[in-house]
Each structure stands twice: as C-alpha cells, then as structure tokens.
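Below: the structure, in structure tokens.
The values are calculated or read from the model by the stated rules, or taken from the named source; none is laboratory data. This one's a predicted model, so the numbers in the text were calculated from it and none came from an experiment. Here the Cβ is made from the backbone with ideal geometry for all residues, glycine too, and neighbour counts use every protein chain on show. Only protein heavy atoms, including side chains, enter the accessible area calculation; ligands, DNA and RNA are left aside. Shrake-Rupley method; radii C 1.70, N 1.55, O 1.52, S 1.80 Å.
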Amino acid sequence: MQEPEDLQWDSEEESVLESFKLLQIDVGCDQQEGEALPTSSAPWCSKNVRRKQRHWEKIVAAKKSKRKQEKERRKANRGENPGICPQHSKRFLRALAKERLLEAKHSGPRLCIDLSMTHHMSKKELSRLAGQIRRIYGSNKKVDRPFWICLTGFTTDSALYEECLRMNDGFSNYLLDITEEDCFSVFPLETLVYLTPDSEHALEDIDPNKVYILGGLVDESIQKKVTFQKAQEHSVKTARLPIQEYMVKNQNEKNYHSEILAINQVFDILSTYSETQNWPEALKKGVSSRKGYVLQNPTE
C-alpha cells in the first residue's frame, strides 16, 4: 500500500508530465508551409521545446530523489522509535470509527438525546442545537469506547431535522438511531437516567446497563426544572453531574455560577469519564471557567 505522501508525489509527477505533453501539442512541430515532413518517425521539435523538456525532466528527477530521501528518513525514524505507529490514512480511520460505533450499538454505553421539546425553539436556538448534535457525534467517533446515540422525539419533517441536514455534512449517514417516539416509550423506564442539574443525586458512575438521557435544550430556551419535572412525571431516575462534589465556586466580577451546560459539554464529560474513570479530569474538560467553577484540587 502506498503511503499518503507517495500518492501526493505520484499526483505531482503526473501533473508535470501531462503539462509537458500539452506543451508538445501546442508548440511541438514548427513546420513551415510547403516544408517537407521529417523522414524520421519522431516529431521534430524546436530548441525551445527541448530546453523546456529537459527542465521538466530535472524537476521530476528532483521530486523522485526527494521522495526517496523522505521515505528513507521515515524508515530510519521507525527503526529508532519502534513504539511509534505509522500514520494511518483517513480511509483507515473512518473504517475504524465505523467499526467501533457498530460495536457500541451492541455492547457500548447508551446515550439518548430527548428532542421532544424543540417545537417552541427559535431558528437560532435550533441552529445551535444542531451544532451541538454535530459536535457530540464528532467527539463520539474519535474515542476508543464510544456511546451508541439515539435521537428520540425527532421527526424528519421538523425544523430541527432541516437544520441538521443544512448544517451537518453527511447527517443522513450518521451511525445512530433516530425515532419519532418519546424516549420513555423507546426504552424500559427502569433503565433510564435523566441527567438534569436539578437532581438531588450526583452521578457516581456510568452503568453500561443504563440509558442516559440529555434534554435537547439550549441556553436561551431553558426553563427551570423542565427536564427534572418531565422525568418525575414518568417515574424515571434522575442524576446530575458531580460538579458540587469535585468543584468549588470561583470568585468572579459578575458573581456568576451555573451548573447548566450545553449537551455537547455534558457529553464530553461523560465520554471522558467513560475513558478515564476520573471525574476531576472529565469535569475539567467539560466545565468551562466561564461557568464560575474550578476544581477543588487543581493538581488532580
């Protein structure tokens, strides 16, 4: 298999040779009217064309030499650092991400995004939510142990669906589940944990047998305790991120402190904890300093 650099050099060489062929077509034979054709089968070319040909040949030779030197350098580096893996192609990385996502569908932790509360949102809010869904999916593809994501209460004729198609390249090919049904109908109620900052219970661990729900709301449309009350109506367990357990309020000019995070920030915390089993590290990644909180022990 050729390495990405090799393919790049080959493409450049083909471009150079093609340019020379076009040059020959344009100015290759300066035959004067009434002049007899050369007896040789090879076309006669002017000194200027031959000079340009030699120039292109030197460029091609220099590129080949440089490519050879680069390959030898990479080979030497691999010999000195056998623990370093060679750079994978984008095609390989896409295939690996797809394999991991499909595996997560059967054995990975599950994340549900409840999109049944979007009908009152403005177009600006819907655009922000579509962007957050894109960031969640992008982050999920990069981790070794991804979640399997399900978008519930999501209709294909909704304004949010149109925004997702408009803003998110390849959205229709995302490897996730989409259903118009409510999350409380799709999954057994005893498996659900609705994540809401209004819960009294701090999330201690991620249980692979549970389905964690994020409310599809954005900052502008948040109404106090909406997701908490919705979970209570269906007798579903709730939990909040352990911000209070591992972080403290940080003094700031506006005296502003908030545990309300965008769903992509919540996901980053859950994903990091799933990979590291370390809440301080996970919270540090997802809780911005603008929220007015810092870790109790910054060295953690």
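For segment 109-124, the candidate set comprises residues that are open to solvent by 10 Å² or more (accessible area, probe 1.4 Å) and in a loop (DSSP other than H, G, I, E, B); within that set, the residue that is farthest from Leu195 (Cα to Cα) is Ser122. Scanning segment 259-285 for residues that are crowded, with 18+ Cβ neighbours inside 10 Å and under 19 Å from Asp114 (Cβ atoms) gives Leu261, Ala262, Ile263, Asn264, Gln265, Val266, Phe267, Asp268, Ile269, Leu270, Ser271. If the condition is being surrounded by 22 or more Cβ atoms within 10 Å (Cβ to Cβ) and outside any loop (DSSP other than H, G, I, E, B), then segment 138-148 contributes only Asn140.
When we screen Leu151, Leu165 for residues that are within 25 Å of the chain's Cα centre (by Cα), open to solvent by 10 Å² or more (accessible area, probe 1.4 Å) and under 25 Å from Ala95 (Cβ atoms), the only hit is Leu165. Just a yes or no: is a residue in segment 22-34 at pLDDT 85 or above, open to solvent by less than 60 Å² (accessible area, probe 1.4 Å) and part of a helix (DSSP H, G or I)? There is no residue in segment 22-34 that is at pLDDT 85 or above, open to solvent by less than 60 Å² (accessible area, probe 1.4 Å) and part of a helix (DSSP H, G or I). Within segment 220-258, the residues that satisfy the criterion of being open to solvent by 40 Å² or more (accessible area, probe 1.4 Å) and touching a residue at least 60 places away in the same chain (Cβ under 8 Å) are Glu220, Val226. Criterion applied to Ile178, Ile133, Ile206 was being within 13 Å of Arg110 (Cα to Cα) and crowded, with 16+ Cβ neighbours inside 10 Å, and the one residue passing it is Ile206.
You will find that of Ile260, Ile178, Ile243, Ile206, the residue that is under 20 Å from the mean Cα position of the chain (by Cα) and at negative phi is Ile178 and no other. Pairing residues of segment 90-118 that are closer than 24 Å to Phe154 by Cα with residues that are among the acidic types (Asp, Glu) and assigned to a helix (DSSP H, G or I), at Cβ distances under 9 Å and at least 6 apart in sequence or on separate chains, gives Thr118/Glu125.
Quick one: is Leu101 within 24 Å of Thr227 (Cβ to Cβ) and surrounded by 18 or more Cβ atoms within 10 Å (Cβ to Cβ)?
The answer is no for Leu101.
The condition of being modelled with pLDDT of 70 or more, surrounded by 10 or more Cβ atoms within 10 Å (Cβ to Cβ) and within 13 Å of Leu175 (Cα to Cα) does not hold for Glu72.
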